[in-house]
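Just below is one structure, and these are the notes that go with it.
The values are calculated or read from the model by the stated rules, or taken from the named source; none is laboratory data. All values derive from a computational prediction rather than experimental measurement. Every residue, glycine as well, gets a Cβ built from its backbone with ideal geometry; the counts of neighbours run over all protein chains shown. Side chains are part of the model used for accessible areas, which takes the heavy atoms of the whole protein and leaves out ligands, DNA and RNA. Shrake-Rupley method; radii C 1.70, N 1.55, O 1.52, S 1.80 Å.
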Amino acid sequence: MSTTLLQNAEPGLKETPSAPARPSLVGLGRKEIAAHLEELGIEPKKIRMRTKQIFHWIYNYGVTEWDQMTNIAKPLRAKLADHFTLDRPEIVERLISKDGTRKYLIRMAPGIEVESVFIPDVSKTGALCVSSQVGCTLTCKFCHTGTQRLVRNLTPREIVLQVIIARDDLGEWPTTQENRRLTNIVFMGMGEPLYNTDAVGDSLDIICDPEGLGIGRRRITVSTSGVVPDIGPMGERTSAMLAISLHAANDDLRSQIMPINKKYPLAELMQACRDYPGLSNSKRITFEYVMLKGVNDSPKHAKELIKLLRGIPAKVNLIPFNPWPGSDYECSDWDTIETFADIVNRAGYASPIRTPRGRDIFAACGQLKSESEKKRASQIRAESKAAESA
Ligand code: SAH
Ligand code: SF4
């Protein structure tokens, strides 16, 4: 197994405890950058132009030093450097699977550790699987993240930073570079994105901005376990592609393995899918279906699935179950999966069987879980203070 661990660099020069910490502007949107410039006393009529320049340097060029911003005069660069950094959060661990999948464990703040996974060779190029929460409030029985209590929602900035870190690591600046491998974003990491819709929407405004990270909205997929009331509004807000974690096509079984189904049963979920903004044959919904041995994998289940999808522009991703320590399920046999795929395929739905990626580094679907625990706010504050004055 060719697993590489990135050692964190030696701690560099520390600021004296009394020096105010300089915030990093990386990950912020235009409005927030403008507000910082205003505080700095930049002439009001120049703020828009300066914001545009800085935004472009950060997100199109990925610069890490103020002096790289060559269209900004030196004295202003120095002033900016006195007050702000272009730092990234710490990568606590970086693992590379033998199949090329890369997993990053990123410390966004004390006690807030997030995983994201880059999967090469998806859609001819590559997808970054980002997290929207630390932990998850839902407890789908087959999912490792579901065993980690929710610590908190990620901010838009913390979602954007996951993309920045992957771009840094892949060496894919500037944005305009041809043949980038990181071309797609999937919200299929830790957490339920539709319990954090505002942050997902705001992060996409930066990720999809042509002057920003430049990833088209058609290349963004938001996956949900089925938070029905937020499906339509999310589509309106983001124009993203929708994926539904379906995993069972009848209410009894789905409620057993995905408790959210008790709140939003299949009839409501499928109606929300039919109403998804922009739904068409060229903008189909992906239904994810994890293959659990002896649970949801028989030909009868496949036929149920076809019936449920009738009339919806859909494709089905069949995901072999990825085991994790303590999981109760086994992956269906290969023959069973193929038979299932054939039935769905013959009914006219594309039904690729997803090759598990990065299993050796625990980066595959449903295997993500960080050590972050829910802590009292006072404990996080104390740790944060200790980190600042270290
Ligand atoms: N919370 C969202 C986003 C996470 S996506 C959602 O549930 O859609 C992660 C995908 O991997 C989901 O489709 C999830 O159901 C699936 N998954 C979870 N555990 C898995 C496992 N052990 N093996 C394979 N897929 C799994
Ligand atoms: Fe949460 Fe999605 Fe895992 Fe369910 S499958 S526990 S919603 S991350």
Tilt, helix 156-170 to longest principal axis of the chain (alpha-carbon atoms), in degrees rounded to tens, equals 90
Amide H neighbours of Ala314 under 5 Å, counting only residues 5+ apart in sequence or on other chains, H built in-plane at 1.01 Å? Ile285
Can you work out ³J(HN,Hα) from phi for every residue in region 172-179, in order, using Karplus 6.51 cos²θ - 1.76 cosθ + 1.60 and θ = phi - 60°, giving whole Hz and x for Gly and Pro? 10, 9, x, 3, 6, 3, 7, 6
May I ask for the angle, rounded to the nearest 10°, between helix 299-309 and the longest principal axis of the chain, with both axes built from Cα atoms and the value confined to 0 to 90°? 60
Treating only the Cβ of Lys, Arg, Asp and Glu as charged (+1, +1, -1, -1), what charge dipole size does region 141-246 show about its Cα centre? Round to the nearest 20 debye. 360
Loop-located trypsin sites (Lys or Arg not before Pro) in region 32-111 whose Cβ has at most 14 other Cβ within 10 Å (DSSP): Lys98
Which of the aspartates and glutamates could a cross-linker bridge to Lys263, judged by Cα under 12 Å and excluding same-chain residues fewer than eight apart? Asp251
For Glu93, list long-range residues whose amide hydrogen, built 1.01 Å from N in the peptide plane, is under 5 Å from its own amide hydrogen. Leu105
Coil-residue GluC sites (Glu not before Pro) of region 37-135, DSSP, other Cβ within 10 Å capped at 12: Glu65
Taking the chain as a whole, which cysteines find no other cysteine Cβ under 4.7 angstrom from their Cβ? Cys129, Cys136, Cys208, Cys273, Cys331, Cys365
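Rounded to the nearest 500, what is the chain's calculated 222 nm mean residue ellipticity when only DSSP H runs of at least 4 contribute -39500 (n - 2.57) each, over all residues? Before the final figure, lay out the partial values.
Details: 12 runs with 127 residues, N = 390.
So the helix-based figure for the chain works out to -9500 deg cm²/dmol.
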For the chain, modelled as a GNM with alpha-carbon contacts under 10 angstrom, which of Ser282, Ser327, Ser225 fluctuates the most? Ser282
What ³J(HN,Hα) values, in whole Hz, does the Karplus curve 6.51 cos²θ - 1.76 cosθ + 1.60 give for region 240-248 when θ = phi - 60°, with x put for Gly and Pro? 7, 6, 10, 10, 10, 7, 8, 6, 7
What are the residues whose amide H is under 5 Å from the amide H of Thr85, where those residues sit 5 or more places off or on another chain and H is modelled from the backbone? Ser24, Leu25
How much length is gained if the chain between Arg22 and Asp168 is pulled fully straight, taking 0.36 nm per residue apart and subtracting their Cα-Cα distance, in nm to one decimal? 50.4 nm
Under the 0.36 nm per residue contour assumption, what length would be gained going from the current alpha-carbon distance of Lys307 and Ser239 to full extension? 21.8 nm
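Based on Cβ point charges of +1 for Lys and Arg and -1 for Asp and Glu, what charge dipole magnitude is obtained for the chain about its Cα centre, in debye rounded to the nearest 20?
Numbers: 52 positive and 47 negative charges, 141 e Å.
Computed about the Cα centre, the dipole is about 680 debye.
What percentage of the solvent-accessible surface of the chain, computed with a 1.4 Å probe over protein heavy atoms, is contributed by carbon and sulfur atoms? Intermediate values should be presented prior to the final figure.
Numbers: 9320 of 18320 Å².
Looking at the chain in its full context, I get 51 percent from C and S.
Please calculate how many Å² of accessible area the chain carries per residue, with a 1.4 Å probe and no DNA, RNA or ligand atoms counted.
Values: 18320 Å² over 390 residues.
Value returned for the chain: 47 Å² of accessible area per residue.
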Along region 220-237, what does the Karplus equation 6.51 cos²θ - 1.76 cosθ + 1.60 (θ = phi - 60°) give for ³J(HN,Hα), rounded to whole Hz, x for Gly and Pro? 10, 10, 9, 9, 10, 7, x, 7, 3, x, 9, 5, x, x, 5, x, 4, 6
Gln271 and Lys52 label points (each 7 Å along its Cα→Cβ direction) are spaced in nm at 4.6
